[in-house]
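Inspection log for the structure reproduced underneath, given as structure tokens.
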Amino acid sequence: MSVESPDGLRWFDCNARIGPWSNPQLEQFTDIDGLLAAWDRVGIEAGLVHHTWAWEWAPPQGNAKLLEEIAGHERLRPCFVALPPGTREIEPPREFAAMVRGMGGAVRIFPNMHNWRVSEWCAGALFDALAEQGVPVLVDVGEIDWEGIAGVLERHAGMPLIVLGFYYRCDRFAYPLLERYPDLYLESNSYGVFEGIEMVCARFGAERLIFSTALPELEAGGPMALVTYADIPDEDKQKIAGGTMRRLLGEVS
Amino acid sequence: MPMSLQDYAVTGTPVDDAHIVDAHAHMGPYFNFMVGDDGSAAAMVRMMDRLGIDVSIVSPHIALTCDWLEGNRHVAQAAAEFPGRIVPFVVVNPHAPRAAIDAEIAHWHDTTGIVAFKLHASLHKTDTMHEGYTAVYEYADAHALPILSHSWSGSGGPMKVIETLSGRYPKIEFVNAHSASGWAVIDASCELAEKFERVHLDLTGSLLVYGGLERMVERVGAERILWGTDSPFIDPRPALGRMLCAQVPDEDKRKMLGLNAKRLYRL
């Protein structure tokens, strides 16, 4: 199915989820139909999804559940939740990374919630394998902190790291990292700095910002308006809306 | 076929089909993070033009932190520079001597008049029951003015504070800021508005949970909900997109976007 927004942007949501979770509200949805309806209302074409089982219960089972549920849904691309290799709960790093890349997917990590560290002694082999395959990794800043982000980027060049959930108090951390590490990307959803989108585009390039909604937790209209009302060229809007994420996932335009 | 309000957001078109009042804006730089173009009045008006915001009601960051008098001068200057576009909130630091507060209120009364007050007790490191706010409450009550407060903080929480203040000052309209910052806040804010007719709910905040606005409209009605952005503390575009794309009728959106504020603040 092709969904095109009225202004011709091809929206790709890098941060959505499906499945039940611990404290849903009546207004929120937990299934694919709900997500697709929310995307359709505003013209989002496709996106990456992870499964709540992998987030709040068990990553291996959640990843399997994700594949089962999104089978046949061309608009949904898998976002697998990864664990470090020490406990052998998921596939060995190289197999895991190759599997993710082969499916055109990405990886989400929750180091704090899932009780592991992004340090070399814990997750170095995982990130090495993901970097070899160029698999994008998404992480909420609350799961890792900016020091951890800097360390991962320093040690694992070639692994696109998309940072989520940093809101508007971020630039004194983000700017020096954007300057230093070309593999760092910021999700647009939470980038609430006044005129920040124009400043990042001018200084670092539009390809460093990636559209996301955080559905079904948050609304989609807000992050879309941040892009549509931006004072930047249309080609830059297209990159943010979905062009860069599709490229990182290996999609040929 | 006319555009829906959502169409404006998804195409990035300045809204010309609704009177939009940003009922919770700030101005200037801030210590805690970078603000684009130093959050100047000119930058704010430029952004307002890009989005179709007609009026912003403003309290400068400096007024809410270290220098309330300097901040009040900044917003007076901005309002003079952009008449009808920038409207001042008068800010009072409750730690100032009563004579200084009275003098500042009198200065505004004698020059441009006072549209409304903005309280930020937490940044002024106190709560809204501080006796230094007495002059504000007395003036607002005498002139039936709205007061926007970051939170109605004090012993017993907002319910008790509003109960006390609304009993003591029967003509003040109480605007509860950041009423949509998460489900627990939404429910508590709705409860406040359901109990007190003179409470209005301000939507300003960095995020809006999916379906949160719809719940608020269902519980308290669109008439007592005010749209605001915190701009330039936060970029105003996400707040506009959230409202324009909400799953409520456009007529309700128009009320929240500006008609309610126009009536409440007598703009």
Within the protein assembly as shown, percent of DSSP bridges classed antiparallel, to nearest 5: 5
Would you list A:H114, B:H95, B:H24 from fewest to most Cβ contacts within 10 Å? B:H95, A:H114, B:H24
Per-residue average of other protein chain Cβ atoms inside 10 Å, peptide B:33-42 -> 4
Arrange the following residues from fewest to most other Cβ atoms within 10 Å of their Cβ: B:H109, A:H50, B:H130. B:H109, B:H130, A:H50
Given backbone amide H placed at 1.01 Å from N, residues whose amide H is under 5 Å from that of B:G182, ignoring those fewer than 5 places away on the same chain, are B:V209
Label the stretch A:141-200 by shape, choosing from rounded, prolate and oblate, from the square roots a ≥ b ≥ c of the eigenvalues of the Cα gyration tensor; if a/c is under 1.5 it is rounded, and otherwise prolate applies when a/b is larger than b/c, oblate when it is not. prolate
Just tell me how shielded A:162-172 is by partners: mean number of partner chain Cβ atoms within 10 Å of each residue's Cβ, no decimals. 3
Rounded to one decimal in nm, the spacing of the 7 Å Cα→Cβ label points at B:K125 and B:D16 is 5.0
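Could you sort out which of A:K237/B:K262; A:K237/B:K253; A:K237/B:K255 sit more than 28 Å apart by Cα distance in this structure?
The pairs that break the limit, which is 28 Å between Cα atoms, are A:K237/B:K262; A:K237/B:K255.
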Sorted by Cβ density within 10 Å, fewest first, the residues A:E154, A:E74: A:E74, A:E154
Please compute the modelled spin-label separation between A:W57 and A:W21, points set 7 Å along Cα→Cβ, answer in nm with one decimal. 1.5
Which FRET efficiency, nearest 0.05, do B:A106 and B:S4 yield, Cβ-Cβ r, R0 56 Å? 0.75
Lys/Arg +1, Asp/Glu -1 at C-beta; chain B dipole; positive extreme among B:W152, B:P88, B:T65: B:W152
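Taken together, the values in this text are just the output of simple stated rules run on the coordinates, not laboratory data. Here the structure is a predicted model, which means the values were calculated and not measured. Counting neighbours? That spans all protein chains shown, and the Cβs are built from the backbone with ideal geometry, glycine included.
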